[in-house]
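The next block holds one structure in the form of structure tokens; read it before the comments.
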Amino acid sequence: MRSLRWRIAALVALACCAVAVVIGVLVHRGTLERSLQVGRERAYNALTEMRREGTGQDKSTEEIPPPLLSQMLLSDEPAYWFDDRKSESPWMWGGQRVGDQLLTVQVDMGVHMRALVAFDRDVAQASLGALAVIVPLSLLLAELPNRRLRRVAGTARRIAGGDLDARIAGPARRGDEIADISTAVDSMADSLQTRLQNEQRFTADVAHELRTPLMGLVTSAELLPEGEATDLVRDRVRVLRALVEDLLEISRLDAGAERADLRPVALADVVSASLKQTALPVRLAAPTSGTLGTAETDPRRLDRILANLVINAHRHGGAPVEVAVDGTTIVVRDHGPGFPADLLADGPQRFRTGAAERGRGHGLGLTIATGQARVIGATLTLANAPDGGAVATLRLPPAGG
């Protein structure tokens, strides 16, 4: 019953039942009143005939029903009372006081009441037949707007998943609420895409504008005389250079300019070499299945992903940092506070580390790792271990797969 289509059908069915009940009650009451009026007229004619021909017999008060007797004693006008104490044999009583005589007559109403029961049954059957037609028809008619709403929801999910080119693009109709929702979703996607493109363009422009003066700054730093101050300047220049290179890499990933050079790669050799190049303490765990697979990947980009994950684990997590290779899956884990909830919900975002307890940074390492994983056809999943610590799982396509 959660589906909008079934809710509409249920509402239509309830409305039809309410209309059928109201009409049935009104018609039933009208038909009953008409039958009683016919019974009263027949009783009146019989009383008139009895008075004119003098054929009526005076009845004792014990033989007359009390409701009718009370009316007859109050007035000399004809009185009537419908006796339905026995449903199988209803009667219309008519009575009139003429002098000292109490004249009464009984009219059989069985035919009228049976006809009324049959009429009620026919109305109920007709209502059920109408419901049998209307409910399926309402389901079919409700499917049309329901299908359009599902399309709107599907497009919204695609946009939320990162497909900013997704649009509903339906014809605009005046007075069509679903079309208004579709237009609003498309407008939202256009605005979101424009803002994201402006952000990507700004990142690329800043990185390119900084690159030229940065190269001059690097050269100048190398020409400085040796000393403690020079070492400090050179260290900060290296940090700035790494930041600009990261921004350039992200701008290429955003533009879709990166292309992977895929080849069969033995993961044990690539992972071991990559961990040595980081020059950071990392514990390489043995595979749980006892196998080290061969993946179809780009070794240079894979090295870039592993380096960023390990550096991120040391910078924002806690020791010890562990790397495990199992088949074509690589898991990097630290024992720090774990990934913040907003990072797990929204994914890595540039210039955002998520939480103060994970230390300082520019939020570019995981952004680059995610982008490079997408380029080589891998899947990077971020999670937190049950006993604490951040876990990054990289699943690579197997060679020949």
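The figures follow:
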quantity	calculated
Cα-Cα P(r), region 4-132, percent of pairs per 10 Å interval	12, 32, 22, 15, 11, 6, 2, 0
Within region 243-286, backbone nitrogen closer than 18 Å to the virtual label 7 Å beyond the Cα of Q193 toward Cβ	254-257
Top positive-direction residue, dipole computed over the chain with Cβ charges, set V310, A13, V98	V310
Charged-residue dipole, Cβ positions (Lys, Arg, Asp, Glu), the chain about Cα centre, Debye nearest 20	880
Pairwise label distance in nanometres, R259 with W6, each label 7 Å out on the Cα-Cβ vector	5.2
Linear extension gain, E53 paired with E177, 0.36 nm per residue minus alpha-carbon span	36.9 nm
Label-point separation, Q37 to S75 (7 Å along Cα→Cβ), nm	1.8
Fewest-first ranking of T278, T367, using other Cβ atoms within 10 Å as the exposure measure	T278, T367
Environment charge of G293, counting only residues whose C-beta is closer than 14 Å and scoring Lys/Arg +1, Asp/Glu -1	-2
Degrees separating the helix 177-223 axis from the principal Cα axis of the chain, which is the longest one	10
Rounded tilt (10° steps) of 4-53 against the dominant C-alpha axis of the chain	0
Separation in nanometres of the label points that stand 7 Å from Cα toward Cβ, at D342 and A118	7.8
Per-residue [θ]222 nm for the chain (sum of -39500 (n - 2.57) over DSSP H runs n ≥ 4, rounded to 500)	-20500 deg cm²/dmol
Angle in degrees between helix 299-316 and the longest Cα principal axis of the chain, rounded to the nearest 10	80
Paramagnetic reach from T381 in region 325-349 [backbone N under 15 Å; point 7 Å along Cα→Cβ]	326-333, 344-345
For the chain, average projected area of the Cα convex hull in nm²	39.4
Whether region 230-333 is rounded, prolate or oblate, judged on the alpha carbon gyration tensor where a/c under 1.5 counts as rounded	oblate
Computed lengthening from D163 to R236, 0.36 nm per intervening residue step minus Cα-Cα distance	22.5 nm
Packing-based exposure ordering (other Cβ within 10 Å, fewest first) of T393, T212	T212, T393
Segment K276-K86, length gained on full extension (0.36 nm per residue, minus Cα span)	58.1 nm
Zero-based 10 Å bins, Cα pair distances in region 177-255, whole percents	17, 29, 20, 15, 9, 6, 2, 0
Burial ordering of F339, F119, fewest other beta-carbon atoms within 10 Å first	F119, F339
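Taken together, the values in this text are just the output of simple stated rules run on the coordinates, not laboratory data. All values reported here derive from a predicted model rather than from experimental measurement. Cβ atoms come from the backbone with ideal geometry, glycine included; neighbour counts cover every protein chain shown.
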